[in-house]
Amino acid sequence: ELATGMAGLGPTWHFERGSLPPTPAMVLTWISVPNALDGWEQVSEALPAAPRAILLKPESEDLQWLGVTLPTRQSGHLLRCRIETEAPPRAADSIRVHTDIIISDASGSTGMFCDSEAVRTCFNKYAELRMLKRLEAIPKLRDAGVLLDCDIWCQIFVIFDHGVRNEFGIETKIADLDTATVMNLLNALASSNAVAEGTLQQTGKGELYSRWRQALATLRGVTPGGMTSFVQGALGAKNLYVAEVLCKYRDKACTTYVNFDTDGGNNSGDCYEAVQVLVDTADVVQGHVTGIGAWVDQDCASRVARLLKGTASLSLSFPKHAEADHLFRQDLSRWITTLRTTPVSVKVSAGVVCWRARQGESFENAVDTLFASGSGIKFDHPDVSEPTYTRAVLRGLQAGDSAILYLLSRKPVELLAADLSIDVEGVPARVSVAPEPLKGIALGHHWLSLLGSDGVTIGAQGAATNQSILCTRLKQRLEDDLSFTWHLPTKSGSTAVVGRAKTERRRPVSKEQQPKEPEVPRVGEALSGPISKGLPKGKGAPVGKGPPMAGGKGIGPPGNGGLSKGPGKGGPPAFAATAPPAFAARGPPPPGGGPPMAGMGRGKGPGSKKGPGVWTPESAPKQIKPALPSQLLCSFGHMRVGAAESPKEAALRAVLAIKYLAEQAGTSAFPMPKGHQIVQPAEDPLVGMVLGSAAPPLTAAGTAAAVHNGYWCDSSGEHPIVGVRFKATNMIDVDITEACRRQGNFPRGAGGWQAVPDAAWALRVALTAVLDWWQLLWPTRIDLFGPTPPDLVGLPLAGLVQAVQRLPVEEHRFRQLVPTG
């Protein structure tokens, strides 16, 4: 209806609908639908917030092809169901178990010194401080209602090197950690206060104090050991969690936060698989990786952090004042956030169906849950409390999460919608029916892909398999039915051998006619075999790739005293600004003649028997291990970044990049934001109650943070980058902020980070490379720098910008570095 609006605003439209469209629709289209209630989902404002289950009904034709024949000679249908969970109110007597898992690296490298102490000693102090600050936070979490008196707090420590060195833990009831007890514990543990110890003994908390004191004594006594194996640390934590928590509290709501402390990287076994097993088994909600020292493998630390559903903090040294350090505050905030989450379990059933066998009446579940897709979801042991049917039990979801259930129904969709029972942490879900968004062959392919997988990585989220229901025989039977009815091959190809792929016009290709699988040469073969393999006759390996400004004819391996010819390739522009002139250019002349500068002329010599410049195994000189540097460079593509390009193209691009840097350094379009601070995740308000107010970010004394105008952070999107800019050396044009570098938040594939403090530093490095090569690039421009090179160290930013702006960029002025013919 058109109603009169508020004073001064004019007329406004008001409308109401008691239903929602099954698919997204424009508002005007939504209003004009004649039969608004036909097939739409009914919504009532009077209903309280509750879990919801939406049974996705396929189109009639698709539903027919999703029918399957079951071993009991019954028919069934494959359907999907989306569930949306809500946080149910906690009962006063409900028990929740939270576990902190601390996996700490005690390998031999932790014996190296960081500042004035060994890394292992710093780890011990940092873990103790973290442990005591969490203890201090417990009474505040009780007062805020995050924890209840009946909850249980477990702490598990796993110390590892190439094996599990030590494992210990503490289990505490929240009811025992009132404010007075916690204050006495902190005083007794931190400073051995005799009065506090006596008070704990008098109040019956002597045993509690003894357990905490023993755990801290064990932690303080950890010393460096042998090699590093993340596998042993992760599996040791998983086994200890199963023994101390899972077996005792299987039917309770459990959450886990993981701290992984290391000074290096895994060097024994597949650590990522072991960490994933820990996450799946130990109800991990979130985690954090702390990497300290120059030996930290940033790629490994970042991947482990992603598996733990958290972040990584990487640094060369420990913070001087950990309480004020923003990384310590963020870790405490993530820990409190984990405690605020509400784990929920889901039970699925639809009653029972009966069928008659020779021996009498038999019962089957009316619906079985085959798969479940969602973040962290997993199947637990089924609920067998009913005598005639079982309920599927799913865990790992947090309140507010959504999941997709893959159902095998022995009832029609209409009856299933009425009988389906989905219980979310004791609260029945409201079941409704909506159209299946997948249609046609896409729906059939989706089910076949799921049945043909291992049930671990389906789509963007993981998919769990109900092993108690989906045995191999049933899985293969469902695959065969879908493959034949949809006329689609199974993922394993199992139905092709029984003729599914054979049609009237196309027969399957016989094995004799199928091509052989290509064999990819390994690095070891490339080092020991002929380097000229696969190159045109008369050409050697293109070994003279070098920096982007040092291209030209490459020098191949010597053949009977000669040098083969091979075109050089341009290197990455990052090396043009950082790498010194090619050291090969200043070495002695190679055997058989040729210029002393690698990659600047044709080789001389008689060559081999099979043609000039061809190197063969018969004529190759005996090699002394390790392999020659030229062979190593050839095997690893000369460490080239990006697409292959000629030295001329690479030189032009490098100069353009330097000019862009100078242009942005000289502009004032992006001034330094006043009071600029790097954006961090929102801090939980309880952190300030434990650690006090956050300190402002510190900069070098008396200096302002540098502003890198014209550069975006490829991880966070921050622009301009403020502070130290980190540039990837294995990819072109990839930069991140210092915050992303410390947290391990890297763009995919990027690595080898080079710190760029400011624009002046970058321009000096770039001009250093230009001074080494400018006479080769612009042989006719003797006016660029003159006979005496400028003093780059003492040159101010304005002078550096001016020097770069004078560099010519016209392509025709570059010397033809690769002669033709």
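The single condition from (1) in a helix (DSSP H, G or I); (2) touching a Phe, Trp or Tyr at 6+ places or on another chain (Cβ under 8 Å); (3) surrounded by fewer than 20 Cβ atoms within 10 Å (Cβ to Cβ) that R306 fails is (2). Return a yes/no flag: does the stretch 382-389 have any residue that is within 23 Å of R96 (Cβ to Cβ) and surrounded by fewer than 17 Cβ atoms within 10 Å (Cβ to Cβ). Yes, the stretch 382-389 has at least one match. Apart from one condition, A237 fits all of (1) open to solvent by 10 Å² or more (accessible area, probe 1.4 Å); (2) within 25 Å of R334 (Cβ to Cβ); (3) within 29 Å of the chain's Cα centre (by Cα); the exception is (1). Screening D115 on (1) exposed (fewer than 15 other Cβ atoms within 10 Å of the Cβ); (2) of a type outside the set (A, V, I, L, M, F, W, C); (3) free of Cβ contacts under 8 Å to residues at least 60 places away in the same chain shows it passes everything except condition (3).
From the list P720, P757, which one is over 30 Å from G287 (Cβ atoms) and either loosely packed, with under 15 Cβ neighbours inside 10 Å or modelled with pLDDT under 75 (or both)? Spell out how you get there, then give the answer.
Values: P720 fails: either loosely packed, with under 15 Cβ neighbours inside 10 Å or modelled with pLDDT under 75 (or both).
Result of the check over P720, P757: P757.
Scoring T457 on the criteria (1) closer than 23 Å to T472 by Cα; (2) at pLDDT 90 or above; (3) open to solvent by 50 Å² or more (accessible area, probe 1.4 Å); (4) not charged (D, E, K, R) leaves a single failure, condition (2). In the set (1) touching a residue at least 24 places away in the same chain (Cβ under 8 Å); (2) surrounded by fewer than 22 Cβ atoms within 10 Å (Cβ to Cβ); (3) over 30 Å from G688 (Cβ atoms); (4) in contact with an Asp or Glu (Cβ under 8 Å, 6 or more places away or on another chain), C354 fails one condition alone, (1). Pairs meeting the criteria (first residue in the stretch 225-248 and under 23 Å from A118 (Cα atoms) and without any contact (Cβ under 8 Å) to a residue 12 or more places away in the chain, second residue open to solvent by less than 50 Å² (accessible area, probe 1.4 Å) and of a type in the set (V, I, T), beta carbons under 7 Å, at least 6 apart or on different chains) are lacking. Looking across the stretch 140-183, the residues that are within 29 Å of A274 (Cβ to Cβ) and small (G, A, S) come down to G163, G169. Scanning the stretch 464-495 for residues that are more than 15 Å from T69 (Cα to Cα) and surrounded by 15 or more Cβ atoms within 10 Å (Cβ to Cβ) turns up A464, T465, N466, S468, I469, L488, P489, T490, K491, S494, T495. Evaluate the stretch 410-421: report whether one residue or more is surrounded by 22 or more Cβ atoms within 10 Å (Cβ to Cβ), assigned to a strand (DSSP E or B) and in contact with a Cys (Cβ under 8 Å, 6 or more places away or on another chain). No: zero hits.
Only helices (runs of 4 or more DSSP H) wholly contained in the stretch 190-266 count here; list those with 2 or more residues that are of a type in the set (F, W, Y). Give the derivation first.
On the way: elements: 194-202, 206-220, 230-241.
Those helices (runs of 4 or more DSSP H) span 206-220, 230-241.
Rundown of residues vs (1) in a helix (DSSP H, G or I); (2) surrounded by 14 or more Cβ atoms within 10 Å (Cβ to Cβ); (3) modelled with pLDDT of 85 or more, yes/no style:
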{"position": "L28", "(1), (2), (3)": "yes, no, no"}
{"position": "L37", "(1), (2), (3)": "no, no, no"}
{"position": "A53", "(1), (2), (3)": "no, yes, yes"}
{"position": "L63", "(1), (2), (3)": "yes, yes, yes"}
{"position": "E86", "(1), (2), (3)": "no, yes, no"}
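Candidates are the residues of the stretch 251-261 that are charged (D, E, K, R) and touching a residue at least 24 places away in the same chain (Cβ under 8 Å); the one that is surrounded by the fewest Cβ atoms within 10 Å (Cβ to Cβ) is K252.
A quick yes/no check of all residues on (1) open to solvent by 40 Å² or more (accessible area, probe 1.4 Å); (2) out of contact with any Cys (no Cβ under 8 Å at 6 or more places or on another chain); (3) of a type in the set (G, A, S); (4) within 28 Å of R748 (Cβ to Cβ):
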| site | (1), (2), (3), (4) |
| --- | --- |
| A243 | yes, yes, yes, no |
| A282 | no, yes, yes, yes |
| T311 | yes, yes, no, yes |
| H326 | yes, yes, no, yes |
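Screening the candidates V222, V258, V231 for the property of being within 27 Å of A190 (Cβ to Cβ) and under 25 Å from the mean Cα position of the chain (by Cα) yields one hit, V258.
Being open to solvent by less than 30 Å² (accessible area, probe 1.4 Å) and over 30 Å from G265 (Cα atoms) is the filter; apply it to the stretch 88-109 and report the residue that is modelled with the lowest pLDDT. Outline the logic, then answer.
So in the stretch 88-109, the residues open to solvent by less than 30 Å² (accessible area, probe 1.4 Å) come out as 88, 96-107, 109.
Checking which are over 30 Å from G265 (Cα atoms) leaves us with 88, 96-97.
Values: P88: 75, R96: 92, V97: 95.
Among them, the one singled out is P88.
The values are calculated or read from the model by the stated rules, or taken from the named source; none is laboratory data. Quick caveat, the model's predicted, so the values are computed rather than measured. Backbone-built Cβ (ideal geometry, glycine too); neighbour counts: all protein chains shown. Areas reflect the complete protein model, heavy atoms only, side chains present, ligands, DNA and RNA absent. Shrake-Rupley method; radii C 1.70, N 1.55, O 1.52, S 1.80 Å.
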